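Working notes, structure below.
The values are calculated or read from the model by the stated rules, or taken from the named source; none is laboratory data. Only a predicted model underlies this, so the values are computations on that prediction, with no experimental measurement involved. Glycine gets a Cβ as well: all are built from the backbone with ideal geometry, and neighbour counts include every protein chain shown. Only protein heavy atoms, including side chains, enter the accessible area calculation; ligands, DNA and RNA are left aside. Shrake-Rupley method; radii C 1.70, N 1.55, O 1.52, S 1.80 Å.
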Amino acid sequence: LVALRPNEEQQQQQQQVSSGATVASVESKLTRISTSGMKNPFLVRGMKFVDENPDWDAQSLDTVTSASSLFSKDSTVSSMSNNKGNPTSTPTRMIPTRMMIPLNILEAELDLEQDERRCLMPTSTSTTRDWDYSRLPQYQDSVLALRILTECLKKLGRLDDVERTLHENLESELRKLAQTEQARTFMRLERGIVRRSSNRRQDLKDFRRHLRGLLSSFGCVMLRLSHLAQILRHVITTDKSLVLPSYQVPTSALHSVLVSAYDIMQREIKEFLKACLRETEKSTEDANAISSGGTDERGFFSLGITNDSSQKDAVFGSLAASRARNMELPAGKFVVDVLFPKTNTSPDVRHALEFRKALAKWTAENEALKKELAIVTGEDTSTASYNAKTEETALDMLDAVIKRQLIPILQDDALKGTTSALERGDAFDPVIDHNLYGKNSNEPQDVEMCIACQALYYSTESLFQALHRLPQDEKMYLHLVGVLEHAVLTFTSRVTPRVQQICSDKMAHRLLIDSGKEGKENSFNMVVERRHAFAQLCRAYADGDLLEKTVEEGDLNHDGGLMPLSPPAADTSARNTSQDKGPSAAELDLAGSIEREEQALLDELVHLQPLLEFTKDSHALGVAVCSDEDLMKASCLAHSLLKLSSLLDSRLKVRSSGGFEKVLPSTRALREAIKSIRNHGIKMSKFCRIDMLMQCVTRLSKICRSSTVVAKDAVRIPSCVNDLGEYITAASDNLREASGNAVTAYTFSSLEQYIPLFLMQTVRVIAGGGGIISKSPLTLNGVEALDRSGSVLYRDLKGATGFDNSFWDDELAAISFERSASFMAMMELEMEELEAYYRANHDDFSESDFQLMFTMNGPRRRGDIGRYNMLKRKLFSGN
């Protein structure tokens, strides 16, 4: 039953053996079976077995066997050694996965004496142990060894005794194999005891590794027994001279052995799982007794440890004694007395999810092995003995625990955790980090989500974990999906009134929900998505997804300013045509060209034009803005919802071996519910950005009514300009503290265009005789005050958006503020200078702007529209 394993040196020695016809026959066999190799699915990468070698981690099952058998050859290993002389042979990585022995190997001629010598591993006689496994014959090739064993028993007439002998030794041999795994786990825990003892979390890495090693060992035994059954059945059915009363049905030989071995393995595994899941009474032996001292041992479990000093002898003797005691413990006792104390964990029914995936894979591989054996040997699969189940499988037991105990607990935790958090008064308020200002101001701030979002995220963590471990075609899986959908919808039902409470009666919200005469496609809600900043915001919360998919989810077509729940591309890829998708990555223009941003500004101004009537105050225009506290809450809600939706969406994805991501099936309704959370987050992000624009409008609209414009004694910056500079500086710190860098950057995006635009609008109002100019003439000090206002606002805005990952555009800001400064400078020019400027720069501004400048009475000129008309005729008639 022990897995036969060669090392590299022994394989090289084997390849150097030349035994005449025997070697030639083996080479010809290898040439014939090079395209029909076998693979052991129970091998775990890096899995080691204890043997006679003192370095007990030196041998690995992931090794290549001899040329007579390819069953343990991994698909990633290069071609066999005979490929060097035979270039037409197929590389091993092209061999299909199979578990049973090909027929041509079973029918190949066997030279009993020579093949056995080739198959035997070299034995070492230089040992002082009283008893050692190295004195027993060991084979390098399990398939060839089983053929030799069967052939020898056939010659001795002892084939009838195979089934009886295996039945007598199965339980003890399998228990020894489990004890070997316990010894390995104990040694691994002893080596890392200092690191493990400081870990307070429920880390089940050592439990999973122990179970993985146990399953791998048991799987290899089932594979060896299946190979033996296949060889025995082949011998019985092909040699008609054999009379074997023990095998009335030759095609079912050793079936009872395989069933008994499988049942014993299931009992061993179930004992381990029950101890991990149930609260059990601890052994009377204390954790100190587990690691207590003892005398030095020699033998299989001493690992050949020798020491140079008496102190080391005592330490290693104590370790060997502890290992000897613990390896003899039953599986449940070993878990309670060794694994739990040394890993600082405790029994919990939630651990069932940690073990199910590996156990399900192991069970499926055993079922496949059983079916493949029946197919290759012609066993009748319709008989009652073949389909009978005498022992409840460990997987069925684990599923019963999950269904009856675990799922109700997880469901209760998810719903109660979410509901209790939603009922708090500060459920959606910002979680303030008081150490924020102790950090580097340019570092990206990892801002926590609000309490309600954190509660939903953490309370549903186990449910999402269960989705990846439960079979996707069972009722338990669909029930969990329904529970998660209910929790998300409960959360969304509380988010909607919260959004309405923050946005109600605000001008930003009215702009978002108003489609106007332009229709929904050209509504302000859709126009703002054409900005490069919106693409950057989506990418910041995309969590590695393609931007096209993010934008597809961000198509806004809802009357309330929310995104529609469009079918995901993964579900309806064949019917989801290009016209159904949202703006592409090219339309979003990830490069952020100046021309596209300028066009986006013009599209937005169509909806903002009534707000540019600076001759009226903000109350007359009905501009209602958020208070500082409300804006912080809105930005926090936007960040929390976007982050939560991204995290929940990533929990539904499975990364395949090729590096691609796929979505768990039967979760469309759940993904739609998560999208609704994302829709609310994007809406609140847009609300914050537009409200910041309204804050600028309400302040800069007062410049044209300020006395600094007509001051004669000194140049004074308007108080509203200083007020705006202080506001955006304080708002930047507050918003970053409440919502992080991404939402804050989007909130301040495009202000480098709008602030110069508002200054130019102020100039238009003054040039048209509006504002304070109707009472007193414009002065040079007033023009200088406007110019300095632009410089002050540029400095304050750049300082407020100077954090890391900001959406500030230096080139766009330079162009916008230079245009604004040039427009202001035209007010102080003399008429001849204005004419010269028009000749050289008549394309910089619109015709209406130049008419306004020629009409106004400035500090150094009198308005004359006739000179503008004459200049225009001369200029364009000459062209």
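Assorted remarks:
- Total residues in segment 158-173, condition farther than 14 Å from residue 256 by Cα and modelled with pLDDT of 90 or more: 2
Residue by residue, here is whether (1) open to solvent by 20 Å² or more (accessible area, probe 1.4 Å); (2) within 27 Å of residue 524 (Cα to Cα); (3) of a type outside the set (Gly, Ala, Ser); (4) out of contact with any helix residue (DSSP H, G or I) (no Cβ under 7 Å at 6 or more places or on another chain) holds:
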site	(1), (2), (3), (4)
711	no, no, no, no
715	yes, no, yes, no
736	yes, yes, yes, no
743	no, yes, yes, no
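- Just one residue in the set 122, 137 is closer than 21 Å to residue 231 by Cβ, surrounded by fewer than 12 Cβ atoms within 10 Å (Cβ to Cβ), modelled with pLDDT under 85 and not β-branched (Val, Ile, Thr); that residue is 137.
- Considering segment 747-777, the residues that are among the polar types (S, T, N, Q), part of a loop (DSSP other than H, G, I, E, B) and under 26 Å from residue 691 (Cα atoms) include one that is nearest to the chain's Cα centre (by Cα), namely 749.
- Candidate set: segment 811-830, residues that are open to solvent by 10 Å² or more (accessible area, probe 1.4 Å) and not charged (D, E, K, R); chosen: the one farthest from the chain's Cα centre (by Cα): 829
- Scanning segment 607-631 for residues that are open to solvent by 40 Å² or more (accessible area, probe 1.4 Å) and either under 30 Å from residue 429 (Cα atoms) or at pLDDT 90 or above (or both) turns up 619, 625, 627, 628, 629, 630.
- Checked against the criterion of being under 13 Å from residue 262 (Cβ atoms), open to solvent by 50 Å² or more (accessible area, probe 1.4 Å) and at pLDDT 90 or above, the candidates 361, 370 yield just one match: 370.
- Selection from segment 152-174 of residues that are assigned to a helix (DSSP H, G or I) and open to solvent by less than 50 Å² (accessible area, probe 1.4 Å): 152, 153, 161, 162, 163, 166, 170, 174
- Per the listing 878, 771, the residue uniquely touching a Lys or Arg at 6+ places or on another chain (Cβ under 6 Å) and at pLDDT below 90 is 771.
Residue-wise test of (1) among the acidic types (Asp, Glu); (2) not in a helix (DSSP H, G or I).
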{"residue": "616", "(1), (2)": "no, yes"}
{"residue": "629", "(1), (2)": "yes, no"}
{"residue": "639", "(1), (2)": "no, no"}
{"residue": "645", "(1), (2)": "no, no"}
{"residue": "671", "(1), (2)": "no, no"}
{"residue": "698", "(1), (2)": "no, no"}
{"residue": "708", "(1), (2)": "no, no"}
{"residue": "713", "(1), (2)": "yes, yes"}
{"residue": "717", "(1), (2)": "no, yes"}
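- Segment 359-384 - residue that is under 36 Å from the mean Cα position of the chain (by Cα) and not charged (D, E, K, R) and, of those, nearest to residue 249 (Cα to Cα): 369
- Any hit, segment 780-795, residues being assigned to a helix (DSSP H, G or I), within 49 Å of the chain's Cα centre (by Cα), of a type in the set (A, V, I, L, M) and farther than 21 Å from residue 819 by Cα: no
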